[in-house]
Each structure stands twice: as structure tokens, then as C-alpha cells.
Amino acid sequence: AAGHVGGSLNIELGDSFASYVGWFVPFGAAVVLVLPEPVEDALVEATTHLFRIGYDRIVGVLAGGVMAWRDAGGTVASYPVVSAAAAADELAKGARPHLLDVRYPYEWRDDGVVPGSIELSIGDLADRLDTLPRDAPITVMCRSGSRASIAASLLDAAGFDVRLVSVGGAPDIAASLGTPGRGAAPTPTR
């Protein structure tokens with residue numbers, strides 16, 4: 001959020017990396033990686049994940065990362081971050097920002113939702129960008145910040161004014177507002 005190559009997609013190199021790449025990067029697209037240190041180890045990990053799902057057009061790695069990109073005259077974009085506690089405090093004081101909750105439907109049910117938030121699962125986001133409001137910033141949240149980071153980068157690349165809940169998440173905000181989980185749906189009986 002603090003500095004990234006404009007238009008890039010932020011997918012953390014971890015266990016879900018390949019899944020999210022498969023969801024959001026068109027198959028066959030040329031990919032340039034911006035990797036964490038140590039770059040050599042990260043490159044092996046990233047290419048292994050990508051090759052396993054058929055993404056074999058890795059055309060480069062950004063040497064020196066985002067700072068080298070900036071120093072070479074490349075565009076560096078950013079967007080603000082907020083903690084779940086700060087977002088909850090704003091809501092408690094009467095602010096009504098556009099909130100986007102990108103968790104999965106079972107999480108909305110089990111862990112609660114922030115009243116008035118837009119519930120749009122991360123997997124559906126790219127296909128539904130045109131349904132989101134553009135009249136004010138959108139604050140993006142999930143459970144812990146990982147999916148919200150991906151969503152924020154998608155929104156940023158699409159020209160939205162975005163803010164990321166990077167510490168804590170929607171369940172923390174919901175709980176602080178007194179809106180706990182909805183609970184599991186009742187089990188039908190015969």
C-alpha cells in the first residue's frame with residue numbers, strides 16, 4: 001500500500017499464491033514478478049507455484065524492487081491504510097464510508113458483518129467492479145488483511161479511491177460495534 005508499481009497486482013507469496021494468481025491473472029499473460037528478499041529463494045518459490053498451474057510466461061523479475069523502479073523514473077502508486085480499530089472508531093463516531101468485505105460467505109455468517117458493508121467475496125470481485133460505488137473512497141477489509149490487500153490492489157489498478165484495513169479485519173470491526181456472527185444456519189429436521 002505504501003508504494004507499488006502502478007497498476008500491479010499485490011498477491012503475497014505464500015500458500016495461496018498460485019490460487020489467487022489463477023483467479024486474477026489471465027491465463028497465458030506475461031508476468032513480471034516483484035519479489036521479497038531473498039530474491040533468489042522467492043524466485044524459485046514463485047516460479048514453482050506458477051509452473052504448477054501452467055503459468056509459464058514469466059518474463060522478468062523487477063531487480064531492486066519498487067525502489068529501483070522509482071529511482072529509474074517508474075510510477076509508484078500508494079493508498080492509505082487504516083487499522084480495524086481506527087475504522088471501528090470512525091463508524092462509532094458516525095462516519096459512513098463505503099466498506100467492502102471481501103471474505104467468503106461462510107465468514108460473513110459465522111463471524112459477523114459490519115452493518116452497511118458491501119459483501120463481495122474476493123473471487124467475485126474482478127467480475128463485479130462495475131457494481132461498486134465511485135463517489136467516495138472504498139475501505140477494503142477481510143479477516144486479516146491478506147485478501148483485502150489483493151482486493152485493494154485490484155481496485156487501485158481500476159482507478160478506485162481505496163483504503164486498506166491492514167491490521168485486524170471485519171470480525172474485529174463487527175465485534176467492536178456489537179454485531180457478532182450470525183451463527184450457522186439451522187439444520188433442517190425431518
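Identify the residues of region 5-36 with backbone N under 14 Å of a label point that sits 7 angstrom from the Cα of ASP130 along the Cα-to-Cβ direction, or state none. Answer for this model: none. Applying 0.36 nm per residue to the separation of GLU12 and ARG57 and subtracting their alpha-carbon distance, the gain on full extension is 14.3 nm. Placing a pseudo-label 7 Å from each Cα along the Cα-to-Cβ vector at VAL44 and ALA95 gives an inter-label distance of 4.5 nm. Solvent exposure of region 1-139 amounts to 56 Å² per residue of accessible area, where only protein heavy atoms count and the probe is 1.4 Å. For region 95-106, 3J(HN,Hα) computed residue by residue from phi via the Karplus equation (6.51, -1.76, 1.60; θ = phi - 60°) reads 5, 10, x, 6, 10, 10, 9, 9, 6, 8, x, 5 Hz, glycine and proline entered as x. Per-residue Karplus couplings for region 69-85, computed as 6.51 cos²θ - 1.76 cosθ + 1.60 with θ equal to phi - 60°, are listed in order as 4, 4, 4, 8, x, x, 6, 10, 10, 7, 8, x, 10, 8, 7, 4, 4 Hz, Gly and Pro entered as x. Under 5 Å from the amide H of HIS98 lie the amide H atoms of THR139, each residue being 5 or more positions distant or on a separate chain, with H modelled from the backbone and absent for Pro and chain starts. First check a/c for region 1-103, with a ≥ b ≥ c the square roots of the eigenvalues of its C-alpha gyration tensor; if it is under 1.5, answer rounded, and if not, answer prolate when a/b is larger than b/c or oblate otherwise. Verdict is prolate for region 1-103. State to the nearest 20 debye the size of the charge dipole of the chain about its Cα centre, where the only charges are +1 on K and R beta carbons and -1 on D and E beta carbons. Magnitude of the dipole: close to 480 debye. In region 16-92, the portion of solvent-accessible area held by carbon and sulfur atoms comes to 59 percent [1.4 Å probe, whole percent, DNA, RNA and ligands not counted]. Derived scalar couplings between HN and Hα for region 3-19 equal x, 8, 5, x, x, 7, 10, 9, 10, 5, 7, x, 4, 9, 3, 5, 4 Hz in order, rounded to whole Hz, by the Karplus curve 6.51 cos²θ - 1.76 cosθ + 1.60 (θ = phi - 60°), x for Gly and Pro.
The values are calculated or read from the model by the stated rules, or taken from the named source; none is laboratory data. Everything quoted here is computed from the prediction, not taken from an experiment. Neighbour counts are summed over all protein chains in view; Cβ atoms, including those assigned to glycine, are modelled from backbone coordinates with ideal geometry. Heavy atoms of the whole protein, side chains included, go into the accessibility calculation; ligands, DNA and RNA do not. Shrake-Rupley method; radii C 1.70, N 1.55, O 1.52, S 1.80 Å.
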